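Notes follow the structure.
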Amino acid sequence: MKGLPVDTHIYFEEGLLTTAPHITTVDTWNTLDFIDPALSHRKIKRRWNRLSRLQRSIVYVILVLLITLIVVYIASKMRNTENDNVNLILDQNATLVNASGILQIHHKSAIDTMERPTFTGPANARQYAVVESFKHAWKGYKERAWGHDNLKPVTGMAYDWFSLGLTIVDGLDTAFIMGLTDEYEEGKNWIKTELIFTKNKDVNFFEVTIRVLGALLTNYHFSQDEMFLDKAKDLGDRLMSAFSSPSGIPYSDVNLGTRTAHAPEWSHYSTTAEVTTVQLEFRELSRATNNPAYEDAVAAVSEKIHLLPKKHGLVPIFINPNTGHFLPHATITLGARGDSYYEYLLKQWLQTGKTINYLLDDYMTAIEGIRQFLARHSTPNRRLFIGELSAGSESFNPKMDHLTCFLPGTLALGHANGLPDWHMSMAEDLLYTCYLTYAAHPTFLAPEITHFNMASASADMYTKSADAHSLLRPEFVESLWYMYQLTGNTTYQDWGWQIYQGFEKYARVTYGYSSLASVKTDKPAHRDMMESFFLSETLKYLYLLFSEDRYLIDLNKYVINSEAHPLPIHTS
């Protein structure tokens, strides 16, 4: 435009820029004279006054339209910039960094937008040792039992329980947390191509829920790979047949292929712990799929049991799915068949953002009941332990399953969320007793069951030969990790290291790690079975316990299911 004669006007003809001599007509505003800097303000005003009222109205409309278009364009650019920034943040949060390199896993869904953890692999010698143990177990399983549920690590034989590749599915998120890219990818590929739920075979509703459904949901949350969610939904739909009982209390056995369920062959009853330890998983499945049916089914179970009469919050270990009532005078215990009922009361309350008050009320009442009816001190050294009330007579039995050693961690978690100080004192005392069940044996490993003396001048505890076996259970190291994260006390790390060395010295065999026939001898026989929970729970908790970052998996953001699979905490 600069340099053109003053009286030269611009026309656009067939896409060409041309000039023509000035022509003064009534159609002056069809030209671009008004943008010529040589025009005076008076000239512009005079020409404006020449226009009719209709022409002025048309100009006003054009100006309004132009301003509107400019505003819309600027707003659109700003939104695009904001979306680009959000996508950049999400991509950064969806990155898994490990010792072997960087594996980037991008979000495919906006179902759960909370920040996901980043795992950087082992950071110290103890963590490296645990990672090596996992790799040894995984390698033996891959070579000798790939695709089967369990490995017999002494003979190198495979064993199937449900034919669902339990060791792969259950242990996969441990590989993810440890930063083991190769193991994670080969396990994920097996799940994608080989894991099916169409076999005409009965499985245990509870075990499959915590081990398989829980693991699939955790791996979906960590990776955002929709494949895991698709598998979880398929499995969840099949497991829903368990709720087909007259009372809605789930049956214990489910045929995944036929989508049918029934009570076990040996009883009309389901186990109380089993029907109340599926809520975290089914609730998370509902949140991930936006389908409330799963959560509704398990919430109804919790509500029904909330309304049943109890002994100061304590529950018998059997419940009839036909009537919806407990088996009268059944054993009351925090060991087998009773333990995780209490654990999931607290964790459901936390999972739902502390919004379901009856769950907290039931938990508080139960812990008070434990203190009143089950907690005792041995002699001569007053070691706190949790006994049980025997079936029939409900008389006190001074025995404690190793499973009960989950309780210190649960008590500490409750205290960290505002529950009374005596919960934490009880947690510390009971944790020390659990530690002594390890330290009392030459293997530095605990037996399945410990018995306590109530009137002895010499020993507080003893182990019967029939109870001396060890399945390499995780409950004590689980509580150690909770206590370490919540207090920062490194003594708990040292205790865990002593136990880890016991595993290495006595349980490590050619193809993996074997359960032991007796912890009472320094030359224990091997039972030739490597449980999937050894990879899923025991080694995972040890790895987390030895982390220099106490919040590697933050208990303010996650609840950990009964098989050590982290699930996100929601706000409601």
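Across segment 190-198, rounded Karplus estimates of 3J(HN,Hα) from the backbone phi angles (6.51 cos²θ - 1.76 cosθ + 1.60, θ = phi - 60°) give 5, 4, 5, 9, 10, 6, 10, 10, 9 Hz, Gly and Pro being marked x.
3J(HN,Hα) along segment 261-270, derived from phi through the Karplus expression 6.51 cos²θ - 1.76 cosθ + 1.60 where θ = phi - 60°, amounts to 9, 7, 6, x, 5, 8, 6, 8, 9, 9 Hz, with x in place of Gly and Pro. Averaging 1/r over each pair of different alpha-carbon atoms in segment 210-290 and inverting the result gives 13.3 Å, the Kirkwood hydrodynamic radius. Each of 199, 540 has its accessible area taken with a 1.4 Å probe; listed largest first, they run 199, 540.
Computed with every protein chain present, the accessible area of residue 142 is close to 100 Å² [probe 1.4 Å].
Counting only DSSP beta bridges with both residues in segment 125-568, the antiparallel share comes to about 100 percent. What figure, in Å² to the nearest 10, do you get for the accessible area of residue 138 with a 1.4 Å probe and non-protein molecules left out? Taking all protein chains as shown, residue 138 has close to 0 Å². The amide H of residue 461, built 1.01 Å from its N in the peptide plane, has 453 as neighbours under 5 Å, considering only residues 5 or more places off or on other chains. The 3J(HN,Hα) values that the Karplus relation (6.51, -1.76, 1.60; θ = phi - 60°) gives for segment 136-142 are, in residue order, 5, 5, 5, 4, x, 5, 5 Hz. Gly and Pro appear as x. Note on residue 180: accessible area is roughly 20 Å² with a 1.4 Å probe, heavy atoms of protein only. For segment 125-568, the Cα gyration tensor yields ellipsoid semi-axes of 30, 28, 21 Å (square root of five times each eigenvalue, largest first, whole Å).
Distances between placed amide hydrogens fall under 5 Å for residue 260 paired with 255, all partners being 5 or more residues away or on another chain.
Sorting 218, 155 by accessible area puts them as 155, 218; the probe is 1.4 Å, largest comes first, and only protein heavy atoms count.
The residues 182, 401, sorted by heavy-atom accessible surface at 1.4 Å with ligands and nucleic acids left out, run 182, 401 from largest to smallest.
In whole angstrom, how far apart do the alpha carbon centroids of segment 272-324 and segment 540-572 sit? Their Cα centres are 23 Å away from one another.
The values are calculated or read from the model by the stated rules, or taken from the named source; none is laboratory data. Source: prediction; values computed, not measured. SASA here: full protein model, heavy atoms, side chains in, ligands and nucleic acids out. Shrake-Rupley method; radii C 1.70, N 1.55, O 1.52, S 1.80 Å.
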